[in-house]
Amino acid sequence: MSAVAPGSPLITVQKVNKHFGPAHVLKDVTTHFNAGEVAVIIGASGSGKSTLLRTLNRLETHDSGTIIVDGITVDDNHKHLDQLRAEVGMVFQQFNLFPHLTVLDNVTLAPRRVRKTAREAARAQALELLDRVGMKAHAHKHPFQLSGGQQQRVAIARSLAMQPRVLLFDEPTSALDPEMVKEVLDVMKQLATSGMTMIVVTHEMGFAREVGDRILFFDKGCIAQDAPPDAFFGNQQDPRIRAFLGHIQH
Amino acid sequence: MQRVLSLWPASWGRQQRSTATMITAGVVILLVLWLMAKPLSYAPEPIGPNAQAFAEGTRVTVELTVIAGVAGLFLGVLAALGKISRVPPLRWVASLYVWIFRGTPLLLQVLFVFFALPEIIPKLKLDEFSAAALALGLNVGAYNAEAIRAGLLAVPKGQIEAARSLGLSRWYTFVDITFPQAFKISLPPLVNNIVSLLKDSSLAYVIGVVEVSLVSTRIQAATFQPVPCYVTTGCIYLLMTTLMTQISNAVERRFDHEGKLA
């Protein structure tokens, strides 16, 4: 199903600009994300990292520049958009599970509606995914009965059910109690090991260092540095980034 | 009366008990409509001899409420969608509708539909019952529109983002995600509107629809016994509104997937 070989760009971002009123939140951002790669985006709040992530599946529009995901140009064309979003999964800070549906229905809804998967097949696939994230025993509960960490693991399974080419994570552990962060990060590590293409906005430096193939540091709407984790964390020359890392880690 | 739910076996789940309450209250309403002439006929003068008239009037009242209620629900959803539409003319039409029907007296609307509408559009010469049902439906629809609009706007943006990011089309996002959640939020005000509708249907008497209020007025005029006539009518309305509230409470519990109700 892949038109893109591992290691070649799955997503290209060319000179993308975005304004929120007078604020220029993305300034001529140019980068690319490769298939099979785990890219971790870090930076201060308001630096534009979440905004970039959200422009990749058009939850946020960009004012200029081009974004191409797996050959699909990201624009206002509704056909492109539905096609794009079926290929790009997203995990949110606030989980955003559907509260009126059971865990199982949360996971099966999109495959049944979008991929037209038969009920039984969707159910079997969902249970397998829930098993993978350790939530199979909770398949018939409603989201309010679950802890934050459990909800986020279900949200990951829900995204995976669409068999996306790439998964976007928008601060997936920022709304969690500390003791639940690990269970979610463990699921994400396991995904990374399986070869999933992931773009992760996070403040979890341990995860970035251990799992990331690339670290992108955002500062005031620009990518200030794009480096492998060893160089980024081990031999950081930039005084601003050193200051930021000092803040985060202590 | 709020404790009806606790009458069911403790081993039943919340949903089973809610469903049982809905069915029971619905059946009781039908039984009342069917059989009320019987017990009423044992009542003393002037109610007993007129039991049949009371029963028929009650049936007309409920028919008016059900027909206008269903029409009002459709109109309410349409007008709510119109009001939050991105297409300006749709917004204008929906706002104009709500503005007119919330801003003028229901009595005037009933009179207008029956007497004035046929003058403007001769084809719309309706019988009393249809005119009353139309006016009531249009009126309750305008109030429902606001309740449903509030519900639609109360669904968190993150829900829609999550649905769209899964690749669900705008239609499925509405049908599967937005509408079920909005409906639940809108349910209490909608029930309020339907209960009001049941009582407001009494205004149909001005154009001669023989619903239960007009029945009691006529019997009162013939017997000069206002107290028993109006007390009976009041009791009939109370019985109906109480049963309706039971159904709506059960519906609320049935869809309370977040465990918000005690």
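Coordinate-derived values only; no laboratory data. All figures in this text were calculated on a predicted structure; none of them were measured in a lab. No Cβ is skipped: glycine too gets one built from the backbone with ideal geometry, and neighbour counts run over all protein chains shown.
Each listed q (0.16 Å⁻¹) maps to a log10 I(q)/I(0) for region B:84-149, found by the Debye formula over equal Cα scatterers with no solvent: -0.59.
Neighbouring Cβ atoms from other chains, within 10 Å of the Cβ of residues in B:152-164, number 4 on average. In peptide A:79-92, what is the residue-averaged number of other protein chain Cβ atoms found within 10 Å of each Cβ? The shielding value for this peptide is 3. For a straight C-alpha distance cut-off of 26 angstrom, the lysines reachable from A:K116 (same-chain residues fewer than eight places away being disregarded) are A:K79, A:K136, A:K141, B:K157.
Return the calculated 222 nm mean residue ellipticity for chain B, to the nearest 500 deg cm²/dmol, obtained by summing -39500 (n - 2.57) across DSSP H runs with n ≥ 4 and dividing by the residue count. Write out the running numbers ahead of the final one.
Working: 11 runs with 185 residues, N = 262.
It comes out at -23500 deg cm²/dmol, rounded to the nearest 500.
Going from the residue with the fewest nearby Cβ atoms within 10 Å to the one with the most, B:V215, B:V70, B:V87 rank B:V87, B:V70, B:V215.
Which shape class applies to region A:120-176: rounded if a/c is under 1.5, otherwise prolate when a/b exceeds b/c and oblate if not, where a ≥ b ≥ c are the square roots of the Cα gyration tensor eigenvalues? Oblate, because a/c is 1.5 or more while a/b does not exceed b/c. Using the Cβ of B:N144 as centre and a radius below 12 Å, the other residues enclosed give a net charge of +2, where K and R count +1 and D and E count -1. For region A:1-100, averaging the sequence separation of C-alpha pairs within contact (under 8 Å, six or more residues apart) and dividing by the residue count gives a relative contact order of 26 percent. Over all other residues within a Cβ to Cβ distance under 14 Å of B:T61, the charged ones net out to -3, with Lys and Arg as +1 and Asp and Glu as -1. As a proxy for reagent exposure, ranking A:L216, A:L127 by other Cβ atoms within 10 Å from fewest up yields A:L127, A:L216.
Taken as Cα centroids, region A:145-191 and region B:203-221 sit 64 Å apart, rounded to the nearest whole angstrom. Given +1 at the Cβ of Lys and Arg, -1 at the Cβ of Asp and Glu and no other charges, the dipole of region A:98-158 around its Cα centre is 200 debye to the nearest 20. Which shape class, rounded, prolate or oblate, goes with the protein assembly as shown when its Cα gyration tensor gives a ≥ b ≥ c as root eigenvalues, a/c under 1.5 marks rounded, and past that a/b bigger than b/c marks prolate? It comes out prolate by the Cα gyration axes.
Tilt of helix B:14-35 relative to the longest C-alpha principal axis of chain B, in degrees (0 to 90, nearest 10)? That helix lies at roughly 30 degrees to the long axis. Measuring nothing but how far apart in sequence close Cα pairs (under 8 Å, 6+ apart) lie, relative to its length, chain A scores a relative contact order of 25 percent.
Computed from backbone phi, the HN-Hα couplings of region B:256-261 come to 7, 6, 9, x, 7, 8 Hz, rounded to whole numbers (Karplus: 6.51 cos²θ - 1.76 cosθ + 1.60, θ = phi - 60°; Gly and Pro given as x). Principal-axis analysis of the Cα atoms of chain B puts helix B:51-83 at an angle of about 20° to the longest axis.
Just the number, please: percent antiparallel of the DSSP beta bridges in the protein assembly as shown, rounded to the nearest 5. If I count the DSSP bridges inside the protein assembly as shown, around 55 percent turn out antiparallel.
Packing-based ranking of B:218-226, B:90-98 yields B:90-98, B:218-226, ordered from highest to lowest mean Cβ neighbour count within 10 Å. Taking a ≥ b ≥ c as the square roots of the eigenvalues of the alpha-carbon gyration tensor, region A:74-224 is classed oblate because a/c is 1.5 or more while a/b is no larger than b/c. Relative to the longest principal axis of the Cα atoms of chain A, helix A:78-87 runs at roughly 80 degrees.
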